[in-house]
Amino acid sequence: MIINDEFKAFTKLVLLLATLSFGAEIRGKLYFDAGKIDKDGVVTIDVSKYQNETEIVNIKDIDDYKALSKEEVDTFNLVATDKSAFDSLKTTKPPTLAEEIACPGVTVSYADGIYGMMGFTTKAVENVDLKPSITWFFKNSPSKIEFTNMDNATEAEKKEYVNISLTQTCVGEANIWSSYALARGGVADAGCYSNDKVPVDNKCNVDGGSSKTYLKGYRVGLYYDADVATMKKLVSRFGAVGTYKLGIIIGWEKKDD
């Protein structure tokens with residue numbers, strides 16, 4: 001997740017998900033949704049800060065973020081030291097069939113990569129191995145998207161800036177608003193909040209689970225047109241980086257030809 005200044009961008013790190021088409025796509029930049037989410041799940045976007053609907057996005061430089069560890073190395077991987085360690089991680093294992101049937105949005109989250117990004121980034125940043133609770137993620141998705149300061153908006157923009165009310169269900173629409181859901185609730189373990197139903201409160205619905213959350217306040221962000229050097233910068237700063245064609249990248253290793 002990428003964090004704007006309101007989320008202390010220079011002291012916290014971010015999860016990244018692949019590319020998004022904006023008006024200006026620049027290598028070395030990070031893009032994430034504008035606005036902020038409050039404790040009640042209401043997202044407020046001040047339209048007066050943006051010129052048009054294609055620019056309702058916050059932009060940061062990759063170099064604004066510090067590396068998690070020394071990046072000028074031949075081998076880098078904060079998620080797992082080798083394949084055996086990777087295979088043993090809880091996030092590496094897919095959701096169960098029972099979970100997918102009970103809560104279809106879990107399947108969507110696994111397929112689009114948010115499941116893996118939450119788990120692997122938690123491991124890289126916090127060194128905690130967990131099975132991401134997607135239902136906790138759904139519980140913390142926005143309840144409403146509100147656009148403010150519309151006085152100078154054009155008629156076309158007013159049609160775009162429509163307030164939306166949302167429900168926290170297993171349908172999985174939280175994936176659309178993943179940046180806000182993550183900022184509000186962080187990442188929790190399915191060992192506390194099971195992946196078969198959206199929690200009704202903040203208490204574990206699994207006996208013996210821990211309700212501790214990680215990465216709260218972080219944002220989901222996107223990048224564009226990354227070359228090898230840029231990808232290394234991303235991985236070294238955020239631990240895990242999603243791509244459309246290669247899946248989730250968690251490190252690199254130099255090999256002799």
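No lab work stands behind these numbers, since they all come straight from the coordinates. As the structure is a computational prediction, the values presented were derived from the model and not from experiment. All Cβ positions, glycine included, derive from the backbone under ideal geometry; neighbour counts span all protein chains shown.
From its DSSP helices (H runs of at least four residues, each -39,500 (n - 2.57)), the chain gives a residue-normalised ellipticity at 222 nm of -6500 deg cm²/dmol.
Counting only DSSP beta bridges whose two residues both lie in the chain, roughly 70 percent are antiparallel. Rounded if a/c is under 1.5, else prolate if a/b is larger than b/c, else oblate: which is region 152-257, with a ≥ b ≥ c the root eigenvalues of its Cα gyration tensor? Note, shape of region 152-257 comes out oblate.
Remark on residue 189: its backbone amide H falls under 5 Å from those of 133, a criterion applied only to residues 5 or more positions apart or on other chains, H modelled at 1.01 Å from N. Put in order of Cβ neighbour count within 10 Å, fewest first, the listed residues 231, 117 become 231, 117.
Springs between alpha-carbon pairs under 10 angstrom, Gaussian network model over the chain: which of 47, 220, 235 fluctuates most? In the Gaussian network model the winner is 47.
For residue 206 and residue 46, what does the FRET efficiency come to when R0 = 41 Å and r is the distance between their Cβ atoms, rounded to the nearest 0.05? Could you put the intermediate results ahead of the total?
Numbers: r = 40 Å, r/R0 = 0.97.
Efficiency at R0 = 41 Å is approximately 0.55.
Calculate the FRET efficiency for residue 148 and residue 72 from the Cβ-Cβ distance with a Förster distance of 45 Å, rounded to the nearest 0.05.
Numbers: r = 45 Å, r/R0 = 0.99.
Once rounded, the FRET efficiency stands at 0.50.
Fully extending the segment from residue 244 to residue 167, taken as 0.36 nm per residue of separation minus the present Cα-Cα distance, adds 24.9 nm.
Between residue 158 and residue 38, the modelled label-to-label distance comes to 2.5 nm, taking each label 7 Å out from Cα in the direction of the beta carbon.
Taking Rh as the Kirkwood radius computed over C-alpha pairs, what is the Stokes-Einstein D of region 106-150 at 4 °C in a medium of viscosity 1.567 mPa s, expressed in µm² per second? List each step's numbers first, then the result.
Details: Rh = 12.2 Å.
The diffusion coefficient I find is 106 µm²/s.
With just the Cα atoms defining each centre, how far is region 64-125 from region 158-234? Give it in Å. The distance from the Cα centre of region 64-125 to that of region 158-234 comes to 14 Å.
At q = 0.13, 0.14 Å⁻¹, what log₁₀ I(q)/I(0) does the chain have when each alpha carbon counts as one equal point scatterer in the Debye sum? Treating every Cα as an identical point scatterer, log10 I(q)/I(0) equals -0.82, -0.95. Summarising the label geometry, the points placed 7 Å from Cα in the beta-carbon direction at residue 63 and residue 96 lie 5.0 nm from one another.
Per residue, the average separation of C-alpha pairs within less than 8 Å and at least 6 apart gives region 131-257 a relative contact order of 25 percent. Karplus-based coupling profile of region 148-158, in residue order and whole Hz: 10, 6, 8, 4, 9, 6, 6, 4, 5, 5, 4, with θ = phi - 60° in 6.51 cos²θ - 1.76 cosθ + 1.60 and x standing for Gly or Pro.
Let me check against my output: what whole-number percent is the relative contact order of region 5-252, with C-alpha pairs under 8 Å and at least 6 apart?
On the way: 505 pairs, mean separation 81.4, N = 248.
Answer for region 5-252 is 33 percent.
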